[in-house]
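Structure, as structure tokens:
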Amino acid sequence: MTPADFRRLALALPGAEESSHMGAADFRVGGRIFATLTSEKQGYGNLMLTPELQQQFIADALELFLPIHGGWGRMGFTHTRLATAQEDTLAGALRAAWQLRLERKKKPVRAKKKR
């Protein structure tokens, strides 16, 4: 797969839009980022997953997924090795990240307590 394939698959998801974050392409649903091409020069697409979901993806396909280095990776942000990705696997991973953003958008925001 290529960055163009990643872009095509991300934009095929309902309501997905391309934008830019810190000079790199990102993909959003409801205004929230679910994937980026921030690391495309290194051969990666990036997914915004939960730590638990990230671990599941890594366990299922260690050759394809790895945590982004540092704190971002500990929060679930995940590299996808584009050169080794198959379209159906990448499409499923993008859909999972997209779905997470949709679910978070639906959760009510708790009001801060007044002091």
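Checking Ala4 against (1) surrounded by 17 or more Cβ atoms within 10 Å (Cβ to Cβ); (2) assigned to a helix (DSSP H, G or I); (3) free of Cβ contacts under 8 Å to residues at least 60 places away in the same chain; (4) among the small types (Gly, Ala, Ser), which single condition isn't satisfied? The number of the failed condition is (1). Could you check segment 32-70 and list, in sequence order, the residues that are under 20 Å from Arg8 (Cβ atoms) and part of a loop (DSSP other than H, G, I, E, B)? The answer is Leu37, Thr38, Ser39, Gly43, Leu64.
Among Thr50, Thr38, which is the only one that is surrounded by 14 or more Cβ atoms within 10 Å (Cβ to Cβ) and modelled with pLDDT under 95?
On the way: Thr50 fails: modelled with pLDDT under 95.
Result: Thr38 is the single residue among Thr50, Thr38 that is surrounded by 14 or more Cβ atoms within 10 Å (Cβ to Cβ) and modelled with pLDDT under 95.
Residues in segment 58-68 include at least one that is surrounded by fewer than 12 Cβ atoms within 10 Å (Cβ to Cβ) and closer than 20 Å to Gln42 by Cβ. Would a scan of segment 7-16 turn up a residue that is at pLDDT below 95 and either more than 11 Å from the chain's Cα centre (by Cα) or not in a loop (DSSP other than H, G, I, E, B) (or both)? The answer is no, given that none of the residues of segment 7-16 is at pLDDT below 95 and either more than 11 Å from the chain's Cα centre (by Cα) or not in a loop (DSSP other than H, G, I, E, B) (or both).
The values are calculated or read from the model by the stated rules, or taken from the named source; none is laboratory data. Since the structure is predicted, the reported quantities are computational estimates derived from the model, not experimental observations. Note: ideal-geometry Cβ built from the backbone for every residue, glycine included; neighbour counts use all protein chains shown.
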